[in-house]
1. Sort out for me the strands (runs of 3 or more DSSP E) sitting completely within segment 718-821 that have 2 or more residues that are in the same structural domain as residue 849 (by TED's automatic domain parsing) and without any contact (Cβ under 8 Å) to a residue 40 or more places away in the chain.
2. If I filter segment 20-27 for residues that are out of contact with any helix residue (DSSP H, G or I) (no Cβ under 8 Å at 6 or more places or on another chain), among the small types (Gly, Ala, Ser) and part of a helix (DSSP H, G or I), do I get at least one hit?
3. Could you look through segment 363-375, keep only residues that are surrounded by 16 or more Cβ atoms within 10 Å (Cβ to Cβ) and at pLDDT below 95, and pick out the one that is farthest from residue 298 (Cα to Cα)?
4. Name the residues in segment 115-130 that are part of a loop (DSSP other than H, G, I, E, B) and modelled with pLDDT of 65 or more, would you?
5. Considering segment 812-832 alone, what residues qualify as being closer than 16 Å to residue 772 by Cα, among the hydrophobic types (A, V, I, L, M, F, W, C) and crowded, with 17+ Cβ neighbours inside 10 Å?
6. Looking only at residues that are surrounded by 18 or more Cβ atoms within 10 Å (Cβ to Cβ) and at pLDDT 85 or above in segment 628-639, which one is farthest from residue 267 (Cα to Cα)?
7. Within segment 422-461, which residues are under 32 Å from the mean Cα position of the chain (by Cα) and at pLDDT below 90?
Amino acid sequence: MRVPAGFEELIQGQEFQSEVQVYGQSLGMARIRVDLENITFLEPDKLSLAIAKLYGNPSGLDSLLTKKLHLPLSRNGQLSCSAHRGRVGCDYLKTDSLGLIYDENNNVVRLFLSDRYTLHEPEDSGYYQATPAGRNALIHQQALNLATTGQYQSLTLRGNGTLGLGETSYANVDWSWLSQRSGHSGTQQAEASNAYFRQDFLKRIYIQAGLMNSQDIYTNAGGNIALNQLPIGRIRGFRMGSTLAWANKSKMSAGTPVNLFLPRDARVDAYRDNQLLNTFYLKAGMQLLDTSMLPAGSYTLTLRIYENNQLVRTESQLYTRQEIGWGNGFQWFLQAGSPDSERSSMTTDASHEHFVMHAGGRLPLTDTLALTAGTAVLSESEYAEAAADWLHGFDAGGQLSTRVSSLQGSDGSRGNTQQVSYNDGFALSFYRTSRTADDCNVQRSHIYDFTGCYKNTSVMLSVPVMSWQVIVGYTLSDNQGRYVYRQDLDENSAEYNAGAPWEQVYQSRSRSENWQLGLNRSFAVNGLNINTRLSAYVRNVSTYSSPDKGGYIGVSISRSTKLSGGARRTTSAGVSWQSGQPSGSQLGYSTSMTQYGEDNGNDRIGVALSGVNTDTVNGSVTGSTGSQYGDGTLTVSDAWDRSGSRRHTFGSSGAYNSSLVVDRSGVALGRWSNDGAASAFGVSVGQSDGETGSRVSISGLGRRTDITSGRRAVFTTQGYQESRFSINESGVPSDGVAAEITRGTGTTTAFMAPGKILNKEVTVSPRYIWLGRLLDGSRQPLEGAIPLNVASWTSVGDGGFTMETESRMDQLYVMRADRFWVCALKVRKVRDVVRYLGATTCQRTDMAHLPSAERRQVTLMTAGSERTNSPVAMTD
C-alpha cells in the first residue's frame, strides 16, 4: 500500500491495551498490535487459556486457538455498530473457525468462534461470576451528620473502609466518632464496630475473624438470617457460615415498619445508640418512615421528635432489617469469641462476660414458609429464639408477609414479636414486640443485651374510599426499668435539665398510647396540585394529667414550573387549623419555594416560612448539592417565640457523604453509595487533542453525573451486587463546545466482591462548529476554496461556509488552484455550540510559509498527480 511520507506507522502498526469479548462476555484487557488491515495478539497463549476456560476445553478448540491467535486476523471494522450507527446485524460475524470485529471507537475486540463450539455452562451457574477486569483497591466511604438545637450540638462522623486482598477476600472496618456539647460541657466518643478479615470459599461459605457486629448475619453477605430478639452483640473472635452474597437473584431490602404519630409538623432525628443515622422532615399525621437508608441488623432505633426546634418527646423501637431472599436450602452461621461491650441505653454492663457463642440457621420448608432458630451461650446465661416466616401472594397482585418469633432465656428473660404487612391498593402494617424479665426494675441486670421490660405495638391501615385515602393508626409504648439519656426524656420531666443531655438516667415507668383517624385527598386543577388532610387523634401519656384530644384540618397547594437549562421550581402554600392540649386551638400557615438545578437534579435550594397564630414564626433555608465529589445538604432554621419569652431558637441539620478510592490509577474522591463494604467503578475521561472542557454523562447506580474531560471520577456501589452504569455524550454544552465520545461509550454491567474497582477509559473528541464568510484581499468572496486544516467543510456560496473542527483554531489555511491563503479567525459571538465569525479577510501566502501539517495535507491531496513542480488541489 502506497502512503505519503510521515504516515509509515499506519502500515507498521501501533500497540494498544484493548478489551476482548467473546459473544458479549468480557475476558479483560489484552495487548494487541493494530495496523490498517489486521489485529495481532501479543500474548496469544494467555488469551487462549481464558477462552478455553470459558468454553470448557472441548475437543479441537485448543488446536484452533493455537493456530489462529498466533496469526494476524482481519479487523472487520466495517461490521461494528459504532461504524454504522447501530445498523441491523452489526457487531456479529459468522465464521467456521475464528474471527473478530475490531471496534476502534470503543477499543473493543469482539471474538467469534464456529457454531460447533458452545459456551460452557459452569456448575455454579446459579451464582454470579466476578468481573475479570476488577482490581483490588482501598475503598473508603465517609459520612458527616450534624444536628443542633439551641445550645445543644451533636456531630457524628462515620465511615467504612474496604481493602481488596485477593479474588474473594478483603479486610473491612466500620468506625464512628461522636461529639456532643451542651452549654459549656461536652463529650466525645470514638469506636469501631467492625474490623475484620473475610475469605469466601466456593461462593457458598465464608470465614471472618476480628471485631464484628451482627450486621452481616442479617444480609446476603451472610445467610440472611433474621434473629431480631436474640442478644447478638459485638464480639472479638471468628465467624463462619453460609453466604448468599454470590447468589444470582434480585435482592430487596425490608425492615420492620417504623410508624410514627405526629400531631404537628416536625423534624425527626433517627439514632442508633448515639449515632445519628438520618433526619426526616415530616407533616402532621400517622407517618411510615422511609427506612431504606438505615443499616441492616437488629438494634434499638431512637427517634427524637422536634417541634419548632424544641425536643418534645423521644420514642424507641426495636428495628430489624434483613435482605429478602431465602436462598437455596439451609443457611447457617456459627461465631464465638469474647463480647465487646457496645454503649447503648438498652445495653447492660457485660464486662464480667468472658465468652460468648452464637449459632443460628434458617430452613425453607416450602417456597413460602421458612423456620429460623438461634442460640446464644454466655458465661452465666443462655438464650434461644425461634421464628417462622410465611409469605402468600394473591392473584390480584398483593403479597401478605407474616412473622412470629419467641425468645427464652435461662435468667428468666422472655420475648416475642408478631409482624404482618400487606399492600395492594390498601396497606396494612402490624408490628408488636414484647420483652420481660423476672424483675423489670433491677438496675444493671446481668442480662447481656437489654435491661427492663417493654411492649411496643404499632398498627396502621390505609384504605382508598372513592377519591379519599382513609388512614387509621394506633401505637402503644410501655416501658419499665430502663436507662435513657436525659435528652430522650420529655422536656417537662424534672430530670430533663438536671445534667448533661448524654448522661444516662434510670426511668422506672413510662407509657404512651395514640389513636388517629385521618383522611387525605390529592387532585390537580390547571397545573396546581391540591392536597387536603383531615385527622382526629387521642393521646394518653403517663406524664400528662389528662388525655390529649385534638383534630387537624389542612389544605396545601403546590405548583412545579420548568425553567431554562433543565432547571425547575416548586412553590407551595398551605393553611391549617388544629386543636389539642396544652396549646388549644391554633391556626397555622406555611409557604415554601424550592428550585432545582440542571436536569440531573443534583442541586437544589429552598426557603420555607411557617407560623402558628401570631405567637410563633418558623423560617428555614435548605440547600443541597451533589457532584462526583459527594453529596451534601444543610438546613438552617429559626423558631421565634413572639408571645412568651420573645426569643429566637436556632437550629440546623446537615450531612455530607463521599467516598475515597485508592488504586493503581491514583487517588480519587467520589460519591457515597450506602453503608457496608463497597466496590467501585472508575471512569477516566480524556480528549483526543488534549483539550479540556467537554463533558460526558455517567448514569446509573441511582444517579446521573456530568464529568469534564481530563478528569477521573469514581462511583461506589454495594459489594456483592450486580451494578450497571452507562456512559453517553452529555446534552449540556460546555463553553460552546459539543462533544463526541470516540471510545468507551455504552453500558457496562459488572459484579464485584467488596474491595474491587472496575476502571473504564473514555476518550472524547470536542466538536467546534463555525459559521462565516471568506473574502480575499480585494474584499471579494473567496469562492471554491479548499481548507487545509479542517476535516469537515461545507460551502454555502458567496464565500460562506460552515465547518467542524476538533480543536479551537486561530487561523484557517485554504487553497484554490495553486494559490494559498491564511485567514485569521475572530469569533463575533457564540450561540449554543455555533461560533459566528462574520466576514473574514484572508491574506495571500505561499507553500513555503505553510505550517508542516498543512504542507503534508497538500502532499496528500495532490498525491498521484503528474505535475511535480507545484501542487494543484483543483482547477477552475
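1. Details: elements: 721-729, 738-743, 746-752, 756-775, 792-797, 800-805, 811-816.
Result: 792-797, 800-805, 811-816.
2. Step one: list which residues in segment 20-27 are out of contact with any helix residue (DSSP H, G or I) (no Cβ under 8 Å at 6 or more places or on another chain), which gives 21, 23-24, 26.
In the following step, the residues that additionally are among the small types (Gly, Ala, Ser) were identified as 24, 26.
When the remaining residues are screened for being part of a helix (DSSP H, G or I), the result is none.
Looking through segment 20-27, none of the residues is out of contact with any helix residue (DSSP H, G or I) (no Cβ under 8 Å at 6 or more places or on another chain), among the small types (Gly, Ala, Ser) and part of a helix (DSSP H, G or I).
3. Going through the qualifying residues, I end up with 364.
4. Filtering segment 115-130 down to residues part of a loop (DSSP other than H, G, I, E, B) leaves 115-126, 128-130.
Within segment 115-130, 115, 116, 117, 118, 119, 126, 128, 129, 130 qualify.
5. Matches in segment 812-832: 812, 814, 821, 822, 823.
6. Our first condition is that a residue be surrounded by 18 or more Cβ atoms within 10 Å (Cβ to Cβ); within segment 628-639, this holds for 628, 630, 635, 637, 639.
With the extra rule that they be at pLDDT 85 or above, the set shrinks to 630, 635, 637, 639.
Values: 630: 24, 635: 11, 637: 11, 639: 13 Å.
Across segment 628-639, the extreme among qualifying residues is 630.
7. Within segment 422-461, 422, 423, 424, 425, 426, 427 meet the criteria.
Let's see how each residue does on (1) buried (at least 19 other Cβ atoms within 10 Å of the Cβ); (2) part of a strand (DSSP E or B); (3) in contact (Cβ under 8 Å) with a residue 60 or more places away in the chain:
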| site | (1), (2), (3) |
| --- | --- |
| 109 | yes, yes, yes |
| 145 | yes, yes, yes |
| 148 | no, yes, yes |
| 166 | no, no, no |
| 190 | no, yes, no |
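The values are calculated or read from the model by the stated rules, or taken from the named source; none is laboratory data. Since this is a predicted model, take the numbers as computed values, not measurements. Virtual Cβ from ideal backbone geometry, glycine too; neighbours counted across all protein chains shown.
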